[in-house]
1. Contact order normalised by length for the chain, with contacts defined as Cα pairs under 8 Å and 6 or more residues apart; what percent is it?
2. Under a 5 Å amide H to amide H cut-off, with H placed in plane at 1.01 Å, what residues pair with Val160 once short-range neighbours are removed?
3. Report, in deg cm²/dmol and to the nearest 500, the calculated mean residue ellipticity at 222 nm for the chain, where each DSSP H run with n ≥ 4 adds -39500 (n - 2.57) and the sum is divided by the residue count.
4. Rounded, prolate or oblate for the stretch 143-253? Axes are the square roots of the Cα gyration tensor eigenvalues, ordered a ≥ b ≥ c, and the cut-off for rounded is a/c under 1.5.
5. Measure nothing but the geometry: give the 0 to 90° angle between the long axis through the Cα atoms of 213-225 and the longest principal axis through the Cα atoms of the chain, rounded to 10°.
6. Relative to the compact-globule scaling 2.2 N^0.38 Å, provide the ratio for the alpha-carbon radius of gyration of the chain.
7. Exactly which trypsin sites (Lys or Arg not before Pro) in the stretch 247-340 are in a DSSP loop and have at most 15 other Cβ atoms within 10 Å?
8. Which net charge results when you count Lys and Arg as +1 and Asp and Glu as -1 among the other residues whose beta-carbon is under 13 Å from that of Phe52?
Amino acid sequence: MIIVMKENSTTENLAEVVTAAKKQGFIPQINEGKQITIGLINVPQNFPEDFFNNLAGVKLAQHVNLTYKLTSRIFHPQDTIIQIKDVTIGGGTFTTMAGPCSVESYDQIMATAETVKKAGGQILRGGAYKPRTSPYAFQGLEEEGLELLKQAADAFDLLVVTEVMDQEHLDVVGQYTDIFQIGARNMQNFSLLKAVGKLNRPTVLKRGMAATIDEWLNAAEYLTTSGNQQVMFMERGIRTFETQTRNTLDVAAIPLMKKLTHFPVLIDPAHGTGRFDLVAPMAMAGMACGSDGLMVEVHPNPAEALSDGPQSLNFKHFNDMMQQLDYLKNALAKGDANGN
Ligand code: PEP
Ligand code: MN
């Protein structure tokens with residue numbers, strides 16, 4: 001249920017509604033934006049709306065027929081902004097997460113971190129536990145990879161994002177990372193989502209490769225109901241009949257998700273296309289339609305990458321893309337292309 005308070009309602013009115021809700025065993029979530037709204041979780045559909053409509057200061061109380069609630073913009077109208085040290089994600093910023101698909105060596109991650117920082121990136125990515133299609137493919141350097149990733153990020157004053165594949169690795173990954181990444185293959189691993197959710201640490205939830213928008217939002221609800229208020233969605237392409245690209249990047253998902261959820265929504269055009277030559281154009285498409293940021297793969301020598309070489313940018317391509325994004329950002333600021 002959602003309760004909208006009147007513009008002239010008082011703090012006493014609000015307190016009365018919250019107390020009444022708690023007495024009924026409902027969990028209130030108060031949003032103090034331009035208009036005060038209260039999201040109520042656990043309200044049975046047959047509970048009378050008028051119970052709240054009759055309280056002083058209430059403009060409207062209405063059942064909401066959604067299977068996800070804490071994640072929904074209806075329950076939380078204003079943008080959630082995630083602050084990690086000096087990096088702000090959401091609320092009009094554009095954050096760049098970049099780095100190799102897999103951490104491979106000290107030299108590789110150091111050189112990449114330097115390039116990411118100099119070009120204006122804020123967050124260093126790099127996989128240490130890799131979800132590879134073939135068990136014979138490179139599986140990642142595991143804890144040694146995490147150490148190298150953190151060392152490189154610290155050396156260049158970047159934050160760290162890396163994938164946690166398994167509950168068993170939560171502790172070790174948590175020691176090194178600023179942001180947990182839940183990969184496409186694990187989007188509906190509900191026990192992993194609950195375990196990560198309990199930590200209430202910044203978490204990127206990638207879209208599953210065959211997941212609908214509703215399934216994605218519901219997956220996030222496992223994080224939010226477990227206590228995580230720092231979710232970031234990342235569109236990374238879905239599987240379609242098309243074979244020229246690795247996945248089909250659903251660019252429309254960005255503005256749509258921004259309507260449906262208050263959490264930041266980012267784009268990953270590397271996994272979304274599987275082709276390095278499509279990464280910059282799709283990064284710009286993401287920025288143009290309101291994405292809160294970007295994740296790309298960068299490698300000193302993509303031809304020799306141990307994973308995802310074909311979609312990895314070399315340093316020149318990365319620098320060029322960052323420059324193009326800068327031009328686009330300025331153009332959008334002038335043109336107000338998002339209609340705001
Ligand atoms: C990755 O980021 O390297 C990765 C494996 O991504 P996804 O889960 O989107 O396939
Ligand atoms: Mn990858």
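Each reported figure results from applying straightforward, stated rules to the coordinates on display, with no laboratory input. None of these values were measured; they are calculated from a predicted model. Counting neighbours? That spans all protein chains shown, and the Cβs are built from the backbone with ideal geometry, glycine included.
1. Values: 711 pairs, mean separation 49.7, N = 340.
About 15 percent, as a whole number.
2. Sorted by chain and number, the residues that satisfy this are Leu124, Asp178, Ile179.
3. -10500 deg cm²/dmol
4. Values: a/c = 2.09, a/b = 1.35, b/c = 1.54.
Oblate shape, in that a/c is at least 1.5 and b/c is the bigger or equal ratio.
5. Orientation of helix 213-225: about 70 degrees from the principal axis.
6. 1.05
7. For trypsin sites (Lys or Arg not before Pro) across the stretch 247-340 that sit outside H, G, I, E and B with at most 15 neighbouring Cβ atoms in 10 Å, the list reads Arg275.
8. Net of charged neighbours comes to +1.
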